[in-house]
Structure formats: structure tokens, C-alpha cells
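Working notes, structure below.
No lab work stands behind these numbers, since they all come straight from the coordinates. Note that the coordinates shown come from a computational prediction; the quantities given were computed from them, not determined experimentally. Every residue, glycine as well, gets a Cβ built from its backbone with ideal geometry; the counts of neighbours run over all protein chains shown.
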Amino acid sequence: MLLGFSWNDVMEMFRNGTWDDYVRSLLDKYENLGPIPGIALPYLESFLPFLPLVVFVLTNTVAYGLLWGFLYSWIGTSLGAISVFWLIRRYRHTRMINWLRNNKQVKKITEWLDRHGFGPLFILLCFPFSPSAIINVVAGLSRVSLQQFVLAVILGKALMIFSIAYVGDSLSSFAENPIKAVVVAGAIILFWIIGKYVETRLKKKSKKLEQSHKD
């Protein structure tokens, strides 16, 4: 169920073109809250992964417009991911977290992240249907630095949220206008290049600091 409707009801509203009107009428009731719902719902999804992030982003796009809908969704989901990572890293020595870290499958994934760092995190966080809650937890258990994780989240989530918002803002014309697919693909490449550049700079700085401490 979503906001009193089943998934079938939601899809039916999309097909009938009544989803926009429903969302506007619903959010008019909460206009005094300003951006709070637009940020809070994507934030909560990081802790409650059964919540539909894609629907929240589409709703924000309809309610606030492409730019603000994207920004509110991006801020909410990025803060949520970083919060989960920080909590796992902060309490990683507790019994429950230790039990999770010793799981064979979790160990394999964390070791993989330890070897590859930013790259796989960025790619995984780019996709709207990737298990972001699991990614956040596993990243918190790995040796990935907070800087690397924040960088991957900010860039990866930006691309993912932008893709959903961009498509949702003009859902009907997307298939008729292939240039939009080119824009999304170009954004993926751009963010990847920026991320790798920043990660390289961070690694160089870390090595310099380690060397200075040794000296």
C-alpha cells in the first residue's frame, strides 16, 4: 500500500494521467511543511528499504518541479545513506554488528569493496533498484573510508535521482525523444570521471599524510 493505494491503483493512475492531480491535491494539505516531506521520505527509505524510493522521487518531481524535486530527493536519500553508514561504523563492535560482519556472504562483499573502493560503490548507487540499504550497511562494515563513501553517495545518488526525476518529469515524451537517454548516459560518464579524479586526489593526500607521520 502507498498513501492509501495499492501498487495497482498507483499504476492505474499513471495510465489514466491522474497521478499528478492526486499528488498535487495531497501535498496541498502539507504546504506549510515546505520541503520537509520531500526530504524526509527519501531519508526514511534508507532505514526502511521496503519504502518505494522511485515513487517518492516521482512524487517530489510532480509536487516541487524538476529542480527542487531532484534537490529534495537527493538531499534526503544522501543524508539517509550517510547516516546508516555512520551508525554501522560507529557501532560495528556491538554483538549484532559483529555477527553480521562474520557472515560468509557479507565477508565476501566487504572484501570486494575493500579491494575496489569507490568504483563499485558509485556504480551500485547509480541504479534506482539496487539494494541501497544493503550497500550502505556493507560499506559501513568494510574498510572504505568515510570520504570515499560520501563521494560515491553524493555523485551516485545525484545521478540516480536525476535520472528518475528527469524521466518522471516528462514520462510520456521520454520514449519519443532519445536525446534524453543520451543526456543520462553522458551524466553517468561525467560523474564517473569526476569521482575517479577526486578519489585519486584523496588517495594521494592520504599517502602524503601517512608519509609525514612516519617521518
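Report the local net charge at residue 75: Lys and Arg +1, Asp and Glu -1, summed over other residues whose C-beta lies under 14 Å from its C-beta. Let's see the in-between values first.
Working: positive: 157; negative: 45.
Net of charged neighbours comes to 0.
Residues with beta-carbon under 12 Å from that of residue 109, excluding residue 109: net charge, scoring Lys, Arg +1 and Asp, Glu -1?
Details: positive: 101, 104, 107, 108, 115; negative: 111, 114.
Surrounding charge for residue 109 is +3.
Quick check: residue separation of residue 83 and residue 36 times 0.36 nm, minus the Cα distance between them. What number comes out in nm? Provide the component values of the computation, followed by the final result.
Working: separation 47, 0.36 × 47 = 16.92 nm, distance 1.73 nm.
Working it through step by step, the gained length comes to 15.2 nm.
Multiply the residue separation of residue 130 and residue 111 by 0.36 nm, subtract the distance between their alpha-carbon atoms, and state the gained length in nm to one decimal. Provide the component values of the computation, followed by the final result.
Numbers: separation 19, 0.36 × 19 = 6.84 nm, distance 1.91 nm.
Result: 4.9 nm gained on full extension.
How would you order 48-55, 131-138, 95-102 from highest to lowest mean count of nearby Cβ atoms within 10 Å?
Working: 48-55: 14.5, 131-138: 20.1, 95-102: 12.4.
Answer by packing, highest mean first, reads 131-138, 48-55, 95-102.
Assuming R0 = 25 Å, what is the FRET efficiency of residue 95 and residue 50, from their Cβ-Cβ distance, to the nearest 0.05? Can you show the working numbers first?
On the way: r = 25 Å, r/R0 = 1.01.
After rounding, the FRET efficiency stands at 0.50.
Which chymotrypsin sites (Phe, Trp or Tyr not before Pro) in segment 115-156 pass both tests, a DSSP loop state and at most 13 other beta-carbon atoms within 10 Å?
Working: sites: 118, 122, 129, 149; in loops: 129.
When the chymotrypsin sites (Phe, Trp or Tyr not before Pro) of segment 115-156 are filtered for loop state and at most 13 Cβ neighbours within 10 Å, 129 remain.
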